[in-house]
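Report on the structure given below.
The values are calculated or read from the model by the stated rules, or taken from the named source; none is laboratory data. Nothing here was measured: the structure is a model prediction, and the numbers come from that model. Note: ideal-geometry Cβ built from the backbone for every residue, glycine included; neighbour counts use all protein chains shown. To get the accessible areas, we keep the full protein, side chains included, count just its heavy atoms, and leave off ligands, DNA and RNA. Shrake-Rupley method; radii C 1.70, N 1.55, O 1.52, S 1.80 Å.
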Amino acid sequence: MIGIIFSIFVLLILLALLVVEVQFRRRPGNKLELTAGDWDITTYDPDRYFIEGELELINYTKRFEIMVPELWADVKLLSKESLEDITAKVWVTPQHADADARADGYWFAYIVKRKPTRLRVSVDIRGKDLSSLQSAWIRVHYVTYGPQGRIPKLRHVIVPLKFPTVEDSHRWRPATNADVLPIRTHLLTHLDDPVEIVKRYVLPHAQAGDVITIGETPVALMQGRFRHPTDVRPGWLARRLCYYFMPTSSLATACGMQTLIDIVGPWRVLSAFLLGALAKKFLGKPGLFYVLAGEQARLIDDVTGTLPPYDQFIVLGPENPQQVVNQIYQATGLGAAIVDVNDLKAVKILAATPEISLKSLEQALVTNPAGNADEQTPLVLIRPTSTA
């Protein structure tokens with residue numbers, strides 16, 4: 001009798017623990033984020049750049065108060081020349097509605113409740129000649145403190161500093177049934193919009209009947225679809241499955257694989273892996289994993305996959321690419337496509353406006369006129385010369 005009572009008692013304890021665990025997993029934790037913000041270069045002189053950004057701290061938990069006891073920023077300048085004579089100073093100014101900023105620049109611990117709070121990040125860059133600077137990689141470090149404990153976090157913001165002119169893109173090249181013009185732009189970031197980029201850099205060269213293509217990675221960057229590996233927490237599944245992929249695959253690292261798992265879910269990735277392995281082993285059909293795991297499995301670019309400083313990040317595939325090309329067509333009248341092209345003569349069209357001949361588009365892009373190095377020509381204008 002005592003044994004039965006004891007077993008029931010243990011069972012009740014286990015049930016109570018299970019209920020607590022289920023509820024815990026549904027809790028939001030320290031769900032507070034720092035937005036990318038709105039940025040502007042307010043001074044753009046040969047010897048001084050002054051950059052300001054207005055950001056928000058948003059508490060998404062609704063019920064809990066999340067504290068931000070620490071927040072500071074630093075900046076990394078990117079240039080193809082020496083930075084020896086160039087200085088950069090960065091500071092943060094709280095813009096709380098209910099508390100004034102301190103004169104000494106100290107970030108005092110602040111409780112973020114239901115209403116967001118704001119802050120300003122200022123970057124003062126000085127030197128005799130700043131024309132070689134390409135971008136400023138601003139990192140805002142902050143700590144969230146709440147039900148989930150003390151969690152350090154980072155918000156990465158890349159601000160372009162070098163802006164090509166329309167005249168910098170003028171070399172048309174012959175292609176099959178078309179002429180193509182690779183178009184230089186500044187380093188595209190999440191501060192940019194695809195439609196505005198096309199208006200700024202493409203329309204001065206375009207005429208009726210032209211088609212504009214944009215690389216899938218630049219579109220994803222403009223959508224803010226990139227993650228630093230320090231923000232990725234590889235789980236049990238990611239750490240094991242990544243070993244089964246080719247070394248050149250973006251899924252061959254634990255962080256790359258975990259990024260895919262975070263997008264489509266662990267069960268889909270696991271089932272795609274198992275069925276893909278069986279199809280390859282017994283049916284001689286490789287590649288089923290990428291079909292079952294979804295388009296993002298092919299589109300994720302792991303670190304080193306793109307231009308600095310994005311070579312430090314994992315870049316996802318673009319979101320709603322068809323919507324993007326439709327918006328470009330509506331705003332400019334140009335046929336548009338988002339493409340993934342490499343130097344191996346592989347052309348994948350993610351989305352295109354209806355009037356475009358996909359076969360002709362592939363023929364025009366097969367030589368990869370945009371390039372895979374540091375050409376910084378993410379746009380290619382295609383002018384058909386004959387009917388394919």
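A search for C-beta distances below 7 Å between a residue of segment 266-279 that is surrounded by fewer than 14 Cβ atoms within 10 Å (Cβ to Cβ) and any residue that is modelled with pLDDT under 95, counting only pairs 6+ apart in sequence or on different chains, returns nothing. Annotation note: of Val325, Val303, the sole residue that is modelled with pLDDT of 95 or more and out of contact with any Leu (no Cβ under 6 Å at 6 or more places or on another chain) is Val325. Inspect all residues belonging to segment 307-320 and state whether any of them is crowded, with 17+ Cβ neighbours inside 10 Å, farther than 27 Å from Val195 by Cα and in contact (Cβ under 8 Å) with a residue 12 or more places away in the chain. No, segment 307-320 contains no residue that is crowded, with 17+ Cβ neighbours inside 10 Å, farther than 27 Å from Val195 by Cα and in contact (Cβ under 8 Å) with a residue 12 or more places away in the chain.
For Leu57, are the conditions met, namely being more than 21 Å from Pro308 (Cα to Cα), under 26 Å from the mean Cα position of the chain (by Cα), at pLDDT 95 or above and not acidic (Asp, Glu)? Considered against the rule, which asks whether it is more than 21 Å from Pro308 (Cα to Cα), under 26 Å from the mean Cα position of the chain (by Cα), at pLDDT 95 or above and not acidic (Asp, Glu), Leu57 comes out as yes.
Counted as qualifying within segment 119-209 are the strands (runs of 3 or more DSSP E) with 3 or more residues that are open to solvent by less than 20 Å² (accessible area, probe 1.4 Å), namely 133-146, 149-160, 178-183.
Inspect all residues belonging to segment 290-298 and state whether any of them is among the aliphatic types (A, V, I, L, M) and crowded, with 22+ Cβ neighbours inside 10 Å. Checked against the condition, which is being among the aliphatic types (A, V, I, L, M) and crowded, with 22+ Cβ neighbours inside 10 Å, segment 290-298 yields at least one hit. Mind checking which residues of segment 362-376 are closer than 24 Å to Gly305 by Cα and surrounded by 12 or more Cβ atoms within 10 Å (Cβ to Cβ)? The answer is Glu362, Ala364, Leu365, Val366, Thr367, Asn368, Pro369, Ala370, Gly371, Asn372, Glu375, Gln376. Applying the condition of being over 22 Å from the mean Cα position of the chain (by Cα) and of a type in the set (S, T, N, Q) to segment 339-361 and asking which residue is surrounded by the most Cβ atoms within 10 Å (Cβ to Cβ) yields Ser360.
Could you go through segment 12-27 and let me know if any residue there is of a type in the set (Val, Ile, Thr) and modelled with pLDDT of 95 or more. No, segment 12-27 has no match at all.
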